[in-house]
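**Student:** Pasting a structure here, questions to come.
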Amino acid sequence: MDWISIFGIALALAMDAFAVALATGAVLNPVTGRHLFRLGFHFGLFQALMPIAGWLLGLTVQKWITAYDHWIAFGLLAYVGGRMIVEAFEEDEDNSPSDPTKGLTMVMLSVATSIDAFAVGLSLAMLGVSVWVPCVVIGLVAAVLTVAGMLLGRRLGDNWGKRVEVCGGVVLCLIGLKILLEHTLLK
């Protein structure tokens, strides 16, 4: 597989992570180096590991995974997006939304944004292509775009406030819906 193809795949896979990072950056105030590292590291790590997992499992479980992977991604993104929308309208005593770069929320976002990378790993196994170089490139591109998305999201959050938090939640729900529609109606 040539470098242009690998980089193109990495960019395509990182778009969901970028969009989620944009929404995350918009709700955090302030966005610290710790936030940037945590989300960038986890999104990059999950994006790098999922192709390896898909590649290792190859054809043996493809028929079972592809039957419901889109439902998992949809459910996770809709849940996190819905929570963001609800939190935007709640009167918070300390006026700080929950931190999506911590705990279970971060794990759910990491899994939801990297399920497509799992499918890429399955595809690479079917093509007989080594997964090692693509997984490193995919992980690095996802990490860089996650950090960029959080920084851009913070700027939008500073200017637009709660409206961006609601929009961020809606974007996460729409990404989940897009994944679901691509795998159900458009096949």
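The values are calculated or read from the model by the stated rules, or taken from the named source; none is laboratory data. Fair warning: this is a prediction, and the values are worked out from it, not measured in the lab. Positions of Cβ are generated from backbone atoms using ideal geometry, with glycine treated the same way; all protein chains shown enter the neighbour counts. Side chains are part of the model used for accessible areas, which takes the heavy atoms of the whole protein and leaves out ligands, DNA and RNA. Shrake-Rupley method; radii C 1.70, N 1.55, O 1.52, S 1.80 Å.
**Student:** Hey, which of the helices (runs of 4 or more DSSP H) in the stretch 1-80, taking only ones fully inside, have at least 3 residues that are over 21 Å from VAL171 (Cβ atoms) and in contact with a helix residue (DSSP H, G or I) (Cβ under 7 Å, 6 or more places away or on another chain)?
**Tutor:** Because the criterion is at least 3 residues that are over 21 Å from VAL171 (Cβ atoms) and in contact with a helix residue (DSSP H, G or I) (Cβ under 7 Å, 6 or more places away or on another chain), the helices (runs of 4 or more DSSP H) in the stretch 1-80 that meet it are 3-27, 33-57.
**Student:** Tell me which residues, restricted to the stretch 99-157, are outside any helix (DSSP H, G or I) and more than 17 Å from LEU22 (Cα to Cα).
**Tutor:** Hits for the stretch 99-157 are GLY128, VAL129, SER130, VAL131.
**Student:** So for the stretch 171-183 (the condition being at pLDDT 90 or above, within 26 Å of GLY58 (Cα to Cα) and in a helix (DSSP H, G or I)), does at least one residue qualify?
**Tutor:** The answer is no, given that none of the residues of the stretch 171-183 is at pLDDT 90 or above, within 26 Å of GLY58 (Cα to Cα) and in a helix (DSSP H, G or I).
**Student:** Scan the stretch 48-67 and tell me whether some residue there is at pLDDT 90 or above, open to solvent by 70 Å² or more (accessible area, probe 1.4 Å), aromatic (Phe, Trp, Tyr) and under 22 Å from PHE118 (Cβ atoms).
**Tutor:** For the stretch 48-67, residues at pLDDT 90 or above, open to solvent by 70 Å² or more (accessible area, probe 1.4 Å), aromatic (Phe, Trp, Tyr) and under 22 Å from PHE118 (Cβ atoms): absent.
**Student:** Here is a follow-up. Filter the stretch 116-137 down to the residues that are at pLDDT below 90, among the aliphatic types (A, V, I, L, M) and exposed (fewer than 14 other Cβ atoms within 10 Å of the Cβ) and list them by number.
**Tutor:** The answer is MET126, LEU127.
**Student:** Across the stretch 80-115, what is the number of residues that are at pLDDT below 80 and under 20 Å from LYS178 (Cα atoms)?
**Tutor:** Result for the stretch 80-115: 4.
**Student:** Answer yes or no: is there a residue in the stretch 17-31 that is in contact with a His (Cβ under 6 Å, 6 or more places away or on another chain), surrounded by 21 or more Cβ atoms within 10 Å (Cβ to Cβ), touching a residue at least 60 places away in the same chain (Cβ under 8 Å) and among the aliphatic types (A, V, I, L, M).
**Tutor:** yes
**Student:** Look through the stretch 141-170, keep the residues that are on the phi < 0 side of the Ramachandran plot and of a type in the set (Gly, Ala, Ser), and return whichever of them is modelled with the lowest pLDDT.
**Tutor:** Filtering first and then ranking leaves GLY168.
**Student:** Report yes if TRP64 is in contact (Cβ under 8 Å) with a residue 12 or more places away in the chain, of a type in the set (Phe, Trp, Tyr) and over 18 Å from VAL107 (Cβ atoms), otherwise no.
**Tutor:** Spelling it out, it is not the case that TRP64 is in contact (Cβ under 8 Å) with a residue 12 or more places away in the chain, of a type in the set (Phe, Trp, Tyr) and over 18 Å from VAL107 (Cβ atoms).
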